[in-house]
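Everything below concerns the one structure shown next.
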Amino acid sequence: MDASHVLLADIGGTNARFALAEATAPAPLVAGSAREYAVADFPSLADAARTYLEAAGAKSHAMVAAVAGRIDGDEARITNFPWVISIRRTRQALGLERMRLVNDFTAQSMAVLALQPDQVAAIGPTQWSGRRGERGNARTFAVIGPGTGLGVGGLLIREGRPYPLATEGGHVDFAPGTPEEIAILQQLAQEFGRVSIERLVSGMGLVNLHRALSRIAGIDPGPMEPRDVSERAAQGDPLCMRAVDVFCAAFGAIAGDLVLTLGAWDGVFLSGGLVPKLLPTLQHSGFRQRFEHKGRFSPAMAQVPTLAVMHPQPGLLGCAVIAVAEAAGTPM
């Protein structure tokens, strides 16, 4: 593949995903170009990207990288993995002419502009119209997704122009909504001190919930991984099933709080690696009930769609949208 392709990267706390974009094509994400690597296998983004380019037989002079961490000038630190990514050093290592570094949920938010109705699945009765904001029509969306951590973002569309919001909303305080959640918070506070929503709604959040529920029941849970909780829940283990139930309910409550915070009345997109895996469970859980249960705003919340993103690589899709904007001279 020639060097006119833009290298795309979506870097989380567990996986590094790469693809190529043709920034002037109607569908910029090059079909079949996506590959995934474990971040633990590489000392840096540049090393992982070099491996991808060699495997793909590709060259590129430009890159858009989305990272699960806060961007601070030239650098970003991965929140749940010890990579420090520098634009200057990465450009030098890969011979890039241009590099754009964005928060991973900036990319997830920009992906909303390219998602098709058949690439989302509604949770609850309210469907998505597919309208993202015609010129002159202000629209606001929220984006939230559990994976290794909990990503939170937003997309404002004003006068036809998108404005993605990069946030660290996954690290706000957890507010329990039931006596059981109060007891869980007390257990987690003994372990962590301050308890953020990421401590419950993420891959490790499933493990934290199971451990807290086990201690409340006077049981030693032993070492667990997120997949252990979900697999044992599917097999009928009562405590694992309850951990998944609490996860879904807390996720719904948090997503609803995000709507109120951003004024995201046009919809919430649920992204992240766990959502497709848990989709049937989410659709039959307390997610939507807790999402809507907002007191005097409950009738308004009932009109807001909650949409699971089923596209296999929404972060890379969002990076491709950003690459198109860069090529057109209209960067967001």
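Overview of values
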{"item": "Only listed residue being without any contact (Cβ under 8 Å) to a residue 60 or more places away in the chain, under 26 Å from residue 168 (Cβ atoms), of a type in the set (A, V, I, L, M) and not in a strand (DSSP E or B), chosen from 48, 25, 55", "result": "48"}
{"item": "Residues of segment 169-197 classified as assigned to a helix (DSSP H, G or I) and within 26 Å of residue 218 (Cβ to Cβ), total", "result": "14"}
{"item": "Sole residue being of a type outside the set (D, E, K, R), within 16 Å of the chain's Cα centre (by Cα), at negative phi and at pLDDT 95 or above, chosen from 141, 192, 174", "result": "141"}
{"item": "Counted residues, segment 2-20 - those being open to solvent by 20 Å² or more (accessible area, probe 1.4 Å) and either within 16 Å of the chain's Cα centre (by Cα) or at pLDDT below 90 (or both)", "result": "6"}
{"item": "Checking residue 121 against (1) touching a residue at least 40 places away in the same chain (Cβ under 8 Å); (2) in the same structural domain as residue 320 (by the TED database); (3) assigned to a strand (DSSP E or B), the condition it does not meet", "result": "(2)"}
{"item": "Qualifying residue in segment 207-222 (condition: in the same structural domain as residue 146 (by the TED database) and under 24 Å from residue 105 (Cα atoms))", "result": "yes"}
{"item": "Residues located in segment 67-98, provided they are part of a strand (DSSP E or B) and either at pLDDT 95 or above or surrounded by fewer than 18 Cβ atoms within 10 Å (Cβ to Cβ) (or both)", "result": "71, 72, 75, 77, 84, 98"}
{"item": "Residue tally, condition under 19 Å from the mean Cα position of the chain (by Cα), in contact (Cβ under 8 Å) with a residue 60 or more places away in the chain and either under 24 Å from residue 204 (Cβ atoms) or in a strand (DSSP E or B) (or both), over segment 263-309", "result": "17"}
{"item": "Members of segment 212-244 that are open to solvent by 70 Å² or more (accessible area, probe 1.4 Å) and either touching a residue at least 12 places away in the same chain (Cβ under 8 Å) or among the hydroxyl-bearing types (Ser, Thr, Tyr) (or both)", "result": "215, 216, 219, 225, 242"}
{"item": "Residue that is touching a strand residue (DSSP E or B) at 6+ places or on another chain (Cβ under 7 Å), at pLDDT 95 or above and within 30 Å of residue 163 (Cβ to Cβ), where the choices are 287, 291", "result": "291"}
{"item": "First in segment 136-150 and among the charged types (D, E, K, R), second anywhere and not in a loop (DSSP other than H, G, I, E, B), Cβ under 7 Å, 6 or more apart", "result": "139/157"}
{"item": "Tally of residues being open to solvent by 10 Å² or more (accessible area, probe 1.4 Å) and either touching a helix residue (DSSP H, G or I) at 6+ places or on another chain (Cβ under 7 Å) or in contact (Cβ under 8 Å) with a residue 12 or more places away in the chain (or both) across segment 179-190", "result": "3"}
{"item": "Filter result for the condition that a residue is open to solvent by 30 Å² or more (accessible area, probe 1.4 Å) and either closer than 19 Å to residue 172 by Cβ or not basic (Lys, Arg) (or both), over 300, 249", "result": "300"}
{"item": "Complete set of residues in segment 36-56 that are buried (at least 16 other Cβ atoms within 10 Å of the Cβ) and farther than 19 Å from residue 108 by Cβ", "result": "37, 42, 44, 46, 48, 49, 51, 52, 53, 56"}
{"item": "Given (1) within 20 Å of residue 36 (Cβ to Cβ); (2) among the β-branched types (Val, Ile, Thr); (3) assigned to a loop (DSSP other than H, G, I, E, B), number of the condition residue 126 does not satisfy", "result": "(1)"}
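Yes or no, residue by residue, for (1) touching a strand residue (DSSP E or B) at 6+ places or on another chain (Cβ under 6 Å); (2) not basic (Lys, Arg):
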| residue | (1), (2) |
| --- | --- |
| 33 | yes, yes |
| 50 | no, no |
| 60 | yes, yes |
| 76 | yes, yes |
| 88 | no, no |
| 93 | no, yes |
| 123 | yes, yes |
| 128 | yes, yes |
| 141 | yes, yes |
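The values are calculated or read from the model by the stated rules, or taken from the named source; none is laboratory data. As the structure is a computational prediction, the values presented were derived from the model and not from experiment. For neighbour counting, all protein chains shown are included, and Cβ atoms are generated from backbone atoms with ideal geometry for every residue, glycine included. Just the protein is used for accessible areas: all its heavy atoms, side chains included, with ligands, DNA and RNA removed. Shrake-Rupley method; radii C 1.70, N 1.55, O 1.52, S 1.80 Å.
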